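Beneath this line is the structure, given in structure tokens, with notes to follow.
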Amino acid sequence: MRRNSIKRRLLAGETVIGTMVQEVTNPSIAQILNAVGFDFFMLDMEHGSFSLETAAQILRVGRILDMCPLVRVRSPEYDLISAPLDHGAMGVMLPRVENRSEVETLVQAVKYPPVGSRGCSSDAPHSEYRFGSLAEFVDTNNDDTLVIAQIERREAIDRIDELLSTPGVDVALVGSEDLSVSLGVPGETQSPPVVEAIDTVVAAAERHNVVSAIHLGSVESLQGWAAKGMRMLMYGSDLQFLMESSEQGLNRLRASLAG
């Protein structure tokens, strides 16, 4: 049965690097990101327009390539969490987490009994259609599926120990832009209140044996947080790469023609 290599690497103390997919709906995006060398990608089903059918195709390609396809869901409804998992996602991130009950709901929906309450369907893409021992299938998925709480509100910072002490949480991923908005300094992700809040997350994650993570569009900022102990780094997005690269090339071309 396919194992989650990213989960095992994180448990071994390694650092992994991924990106957000928010615009491209063709399954080839997984192949492209794999060719570039990313360890994982997160499909944005919170802000993106992905249907379950479209998401399933991208997730399946990522899974076959051992890229650890992840999904950010909109809210903690059971079907929004379980359906992408049944179609191949190897982990789920819940945004706007503010209290322990939301994290507990996420864990319950991700994990099969006796750990959680997820409904069992072993004959689906997440089994690669290889029907073996059901007990092994349940145990492997419970061990491997990543549970990610996205920390992006002042309330989450105030309750960070309560959130990260919830059994079953693997990763605390900071959404720095939303956090800056919540702290009253929109877009100022390097400002003292935002940096202090993120430092609080890093320290709490270490106390509770949870991986701290962050999503940023700046390589330099990611390097800084990696130096402080963050081991799951999400760099930019498909949209950022498309716009930045095309704009840089276009400007260079126009400048050369004008000269």
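Taken together, the values in this text are just the output of simple stated rules run on the coordinates, not laboratory data. None of the values given here were measured: they were computed from a predicted structure. When we count neighbours, we look across all protein chains shown, and the Cβ atoms used for this are built from the backbone with ideal geometry, even at glycine.
Here are a few things to note about the model shown:
- Using the Cβ of LYS111 as centre and a radius below 10 Å, the other residues enclosed give a net charge of 0, where K and R count +1 and D and E count -1.
- Of GLY116, HIS87, LEU164, farthest towards positive along the dipole that unit charges on Lys, Arg, Asp, Glu beta carbons give the range 67-181: HIS87
- Inverse mean reciprocal Cα-Cα distance (Kirkwood Rh) of the range 161-259, Å: 15.2 Å
- Nearest-20 debye value, the chain charge dipole, Cβ charges on Lys, Arg, Asp, Glu: 520 debye
- Remark: spin-label model distance LEU11-SER133 equals 1.6 nm, labels positioned 7 Å along the Cα→Cβ axis.
- Rounded to whole Å, the principal axis extents of the Cα atoms in the chain read 68, 40, 32, largest first.
- Sum of side-chain charges, ILE64 neighbourhood, beta-carbon under 14 Å (Lys, Arg +1; Asp, Glu -1): +3
- ASN251-ARG100 pseudo-label distance in nm [points 7 Å out on the Cα-to-Cβ vector]: 4.9 nm
- log₁₀ of I(q)/I(0) at q = 0.13, 0.20, 0.24 Å⁻¹ - the range 111-194, Debye sum with one point per alpha carbon: -0.59, -0.87, -1.09
- Cβ-defined net charge surrounding SER221, 14 Å radius [Lys, Arg +1; Asp, Glu -1]: -3
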